[in-house]
Amino acid sequence: MKVMFLDESGDHSLDASKIDKSYPMFVLAGCIFDFDYYVKVVETSINDLKKKYFGKTDIILRSYDIRKQKGDFVSLVDRKKRIQFYEDINKLFSELEFTVISGAINKLEHIGHYVNPVNPYNLCFRFILERAVMYLGRGTDYIIIRAESREGHNDKQLAAVYEYFRQKGFAEFIKPDEVQRKLVDLSFNQKSQNIAGHQIADLVAYPIGKWVLDRTKENKPFEIIEQKLHRKNGAYLNFGLKIFPDKLKEGPGKP
């Protein structure tokens, strides 16, 4: 059994007046772990990192707060500590065994490209579900999905996307019975539950968004995440990473 944790970077609002022009991205990242490995190794590793730098485990690793050195992460204003923390977390993410399937949307391009643009969260989630089924291949393994809860009506929308996919499949490529065998459960967790898998997904999502927005800038976290992206024949674009609108049909994505 595998478990996939979902978390996002950016918000799903398509109100042009409210979109942050410096980061107009919405990214949904799905991080897939072998369940036993997650319980035995991942949770312990994340807690050890927290104890080393903050002396406790009851804090939530959140990309925004870490970057801004807010709240529990105010100690990272110390440049030496901050550099060491980033080095350790990059090393940990490099060593942990997991696969990433993600969708990324530039919301300004999205609303400019489509007359009736689809909700970014729902669109990315649909892509991730499709690729998660393909990722499992022909084996007997299956995935349980854990999404971070948002407002109740948003959770209901996501659950509706999930159930529709389980009942309808995907065109002629993925039949409903295959989906139902491979995707067996969707549930929602609160951020306050302090779940390591969601925190990893949160830290994965932002570097993906930064890379999609500008591939010319240094982005060491993405260099690590890139190696985790689900691939087919060596390529990850449209397999481990789907970009909407699709402007990267050629280019990076194959080593």
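The values are calculated or read from the model by the stated rules, or taken from the named source; none is laboratory data. For clarity, every value in this text was computed on a predicted model and none was experimentally measured. Here the Cβ positions follow ideal geometry from the backbone for every residue, glycine too, while neighbour counts run over all protein chains shown. The accessibility values were calculated without ligands, DNA or RNA, using every heavy atom of the protein model including side chains. Shrake-Rupley method; radii C 1.70, N 1.55, O 1.52, S 1.80 Å.
For this structure, a couple of remarks:
- Residue 58 in contact (Cβ under 8 Å) with a residue 24 or more places away in the chain, surrounded by fewer than 12 Cβ atoms within 10 Å (Cβ to Cβ), in a loop (DSSP other than H, G, I, E, B) and not β-branched (Val, Ile, Thr): yes
- Any chance residue 92 is farther than 22 Å from residue 179 by Cβ, in contact (Cβ under 8 Å) with a residue 24 or more places away in the chain and in a loop (DSSP other than H, G, I, E, B): no
- Of all the numbered requirements in (1) open to solvent by 60 Å² or more (accessible area, probe 1.4 Å); (2) at negative phi, residue 233 misses one, and that requirement is (2).
- Contacts under 6 angstrom Cβ, first residue in segment 67-86 being open to solvent by less than 60 Å² (accessible area, probe 1.4 Å), partner among the polar types (S, T, N, Q), 6 or more apart: 76/69
- The set of residues in segment 39-53 that are open to solvent by less than 50 Å² (accessible area, probe 1.4 Å) and out of contact with any Ser or Thr (no Cβ under 7 Å at 6 or more places or on another chain) comprises 42, 45, 46, 49, 53.
- 3 or more residues in contact (Cβ under 8 Å) with a residue 60 or more places away in the chain and surrounded by 19 or more Cβ atoms within 10 Å (Cβ to Cβ): qualifying helices (runs of 4 or more DSSP H) within segment 119-220: 120-136, 196-213
- Residue count for segment 22-41, restricted to those that are over 20 Å from residue 8 (Cβ atoms) and of a type in the set (A, V, I, L, M): 2
- Pair list, Cβ < 8 Å and 6+ apart or interchain, from segment 6-20 residues that are in contact (Cβ under 8 Å) with a residue 12 or more places away in the chain to residues that are part of a loop (DSSP other than H, G, I, E, B) and open to solvent by 50 Å² or more (accessible area, probe 1.4 Å): 10/20
- Subset of segment 95-118 [in contact (Cβ under 8 Å) with a residue 60 or more places away in the chain, part of a loop (DSSP other than H, G, I, E, B) and either among the hydrophobic types (A, V, I, L, M, F, W, C) or on the phi > 0 side of the Ramachandran plot (or both)]: 96, 98
- Subset of segment 8-37 that is open to solvent by 60 Å² or more (accessible area, probe 1.4 Å) and part of a helix (DSSP H, G or I) - its residue that is modelled with the lowest pLDDT: 17
- Within segment 221-234, restricting attention to residues that are touching a strand residue (DSSP E or B) at 6+ places or on another chain (Cβ under 7 Å) and part of a loop (DSSP other than H, G, I, E, B), the residue that is nearest to residue 130 (Cα to Cα) is 230.
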